[in-house]
1. Residue under question is Leu53, and the condition is that it be over 14 Å from the mean Cα position of the chain (by Cα) and part of a helix (DSSP H, G or I); does it hold?
2. Any residue in region 34-45 that is of a type in the set (Ser, Thr, Tyr) sitting within a Cβ distance under 8 Å of a residue that is open to solvent by less than 100 Å² (accessible area, probe 1.4 Å)? List the pairs, counting only those 6 or more apart or interchain.
3. Considering region 2-16 alone, what residues qualify as being in a helix (DSSP H, G or I) and either in contact with a Lys or Arg (Cβ under 8 Å, 6 or more places away or on another chain) or surrounded by 10 or more Cβ atoms within 10 Å (Cβ to Cβ) (or both)?
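The values are calculated or read from the model by the stated rules, or taken from the named source; none is laboratory data. Predicted model, so just to flag it, every value in this text is computed and none were measured. Cβ: placed from backbone, ideal geometry, glycine included. Neighbour counts: every protein chain shown. Accessible surface is based on the protein model in full, side chains and every heavy atom, while ligands, DNA and RNA are left aside. Shrake-Rupley method; radii C 1.70, N 1.55, O 1.52, S 1.80 Å.
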Amino acid sequence: MIINVAELTDQDLRHVIDDAILKCYIYNRQRSPQYTVDQWAKVFGIDAYLYELEYQKNLI
């Protein structure tokens with residue numbers, strides 16, 4: 001999929017970035033389950049707790 005950034009609004013671009021960060025969190029969380037969300041928060045910031053909720057929701 002090719003995205004022409006010039007055609008995106010700021011809101012669209014923010015959504016693309018947020019989605020990429022969430023996918024990165026989930027990938028790393030699956031790859032290294034021994035780390036706690038508190039430890040991931042050192043990398044992803046306070047949003048790690050929101051990402052963790054999405055990660056846990058997808059486990060069910």
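1. no
2. The qualifying pairs are Tyr35/Arg29.
3. Within region 2-16, Asp12, Leu13, Arg14, His15, Val16 qualify.
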